[in-house]
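To start, the structure under review is shown below, and the notes come after it.
The values are calculated or read from the model by the stated rules, or taken from the named source; none is laboratory data. Bear in mind the structure is a predicted one, so any value in this text is a computation, not a measurement. Backbone-built Cβ (ideal geometry, glycine too); neighbour counts: all protein chains shown. Keep in mind that these areas ignore ligands, DNA and RNA; they rest on the heavy atoms of the full protein, side chains included. Shrake-Rupley method; radii C 1.70, N 1.55, O 1.52, S 1.80 Å.
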Amino acid sequence: MTAMLEVKDLEVAYGKIVAVKKISFSVEQGQVVSLIGTNGAGKTTTLRTISGLLRPNSGQINFMGQPIHHVPAHDIVSMGLAHSPEGRRIFPRLSVEENLLLGAFARNDTAAIRTDLDAAYALFPILGERRKQPAGTFSGGEQQMLAMGRAMMSKPKLLMLDEPSMGLSPIMMKVIMTTVTALQQQGTTILLVEQNAQAALKRADYGYVLEVGKIVLHGSGRELLVNDEVRKAYLGED
Ligand SMILES: Nc1ncnc2c1ncn2[C@@H]1O[C@H](COP(=O)(O)OP(=O)(O)OP(=O)(O)O)[C@@H](O)[C@H]1O
Ligand SMILES: [Mg+2]
């Protein structure tokens, strides 16, 4: 079986700066796959390229068996690939519900969209309780829930999360990470980008470590969690 997402020899540059250097990795259907790495490793660049927001210099990206590295970003969303971006990027003046509905922009099945709004409110009850509130008044953790809820509104087969735990309290981080597992159990495949290696690898079926644009290690989440290099570099252990 081919993987749901296959990235092969992907190279992405900003002018002369090569941020992603011929990386290859894959995400099997039903898995949570974590991509970890420190600041500037190329994690966001990788996700933005998969989403069609950046174009690679070379390499291939296949989603559900189809090449997508030349497909426009909005068509990639329609194919079932959603992206919850770094920094959340919610629209502060719009209400919670309006933000959620923006996630459904590529759909026209109005009745099903209502059902999925209710599913987002079931996933994160606070979104339902405050559906009319301007999203800019939300805390960081609440905005993260909204960003994930919005991404789920496109009914993705594969959800990509860029540093969902950034800036969150340990309790809020647990809420977000528990939701990752819940979404996986509901059938969503997840590519999770994190600097927080502990949180990300604990939940990952498989993981990749990115350093200055290259994948330097990969293995099951469990293998990477006990790996000496990972423990030194990411978990602060001597
Ligand atoms: N718009 C841009 N123009 C020029 N260089 C960029 C741009 N965006 C990112 N870079 C560079 O590309 C490299 C990878 O950046 P990227 O944002 O992908 O890293 P990251 O792993 O997501 O880091 P972080 O954990 O800090 O979010 C860095 O060296 C960064 O400075
Ligand atoms: Mg980033």
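Would region 180-194 turn up any residue that is farther than 25 Å from F105 by Cα and open to solvent by 10 Å² or more (accessible area, probe 1.4 Å)?
Yes, region 180-194 has at least one match.
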Taking E97, is it within 21 Å of L35 (Cβ to Cβ) and either of a type outside the set (A, V, I, L, M, F, W, C) or open to solvent by 50 Å² or more (accessible area, probe 1.4 Å) (or both)?
no
Considering N39, N57, which residue is surrounded by fewer than 21 Cβ atoms within 10 Å (Cβ to Cβ), in contact (Cβ under 8 Å) with a residue 40 or more places away in the chain and near ligand 1 (Cβ under 9 Å from one of its atoms)?
N39
Sole miss for M173 among (1) open to solvent by less than 30 Å² (accessible area, probe 1.4 Å); (2) assigned to a helix (DSSP H, G or I); (3) of a type in the set (A, V, I, L, M, F, W, C) is condition (1)
Test result for R150, of a type in the set (K, R) and in contact (Cβ under 8 Å) with a residue 60 or more places away in the chain:
yes
Please verify whether region 125-137 includes one or more residues that are touching a Gly at 6+ places or on another chain (Cβ under 6 Å), open to solvent by less than 30 Å² (accessible area, probe 1.4 Å), at negative phi and not β-branched (V, I, T).
yes
